[in-house]
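I have placed the structure first, in the form of structure tokens, so that the comments after it can refer back to it.
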């Protein structure tokens, strides 16, 4: 499968077993799907941003953040081929992957779900970069943070870099 930026995907269960981070979305209890953003340094690595329709839960998370960092979640109304619906991009929970761990496109009807709003994509990239930089500098946005650099470094090894 060739990944395309801003398309929405499901992950293979193999990914969760191999990387075994306790803060990754549990695929057995939810129906996770992810917006795909290409890494700026290593093009074969992609960042998956979990999406959710649980707007109230996302809003509660935003309200709990006390350090003033408002980059961890993005609430938006997304237009689809069956109408528009509110969605939350859980940027704080984004993680890196490579193609072999992605299962399939998330579809609405027969069509792959893709984010077409250019301004939304730019905002997601800006917030993702901010979250990565905060984590890179040793900052924590909450106590249940995915170890993205452990995953990232393992992926670099798999890519033989």
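The values are calculated or read from the model by the stated rules, or taken from the named source; none is laboratory data. Note that the structure is predicted; figures quoted are calculated from it, not measured. No Cβ is skipped: glycine too gets one built from the backbone with ideal geometry, and neighbour counts run over all protein chains shown.
Table for the structure above
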read-out: Residue that is in contact with a strand residue (DSSP E or B) (Cβ under 7 Å, 6 or more places away or on another chain), loosely packed, with under 14 Cβ neighbours inside 10 Å and at pLDDT 85 or above, where the choices are 104, 127; value: 104
read-out: Tabulated pairs, the range 110-122, first surrounded by 13 or more Cβ atoms within 10 Å (Cβ to Cβ), second assigned to a helix (DSSP H, G or I) and at pLDDT 90 or above, C-beta under 8 angstrom, 6+ apart or interchain; value: 115/121; 115/124
read-out: Residues that are assigned to a loop (DSSP other than H, G, I, E, B), farther than 22 Å from residue 129 by Cβ and at pLDDT 85 or above, drawn from the range 1-41; value: 2, 12, 20, 22
read-out: Filter result (at pLDDT 80 or above and either surrounded by fewer than 18 Cβ atoms within 10 Å (Cβ to Cβ) or assigned to a loop (DSSP other than H, G, I, E, B) (or both)) within the range 151-161; value: 153, 154, 156, 157, 158, 159, 160
read-out: Residues of the range 13-27 satisfying the condition of being within 27 Å of residue 111 (Cβ to Cβ) and surrounded by fewer than 17 Cβ atoms within 10 Å (Cβ to Cβ); value: 13, 14, 27
read-out: Positions within the range 133-150 being assigned to a helix (DSSP H, G or I) and without any contact (Cβ under 8 Å) to a residue 60 or more places away in the chain, in sequence order; value: 133, 135, 136, 148, 149
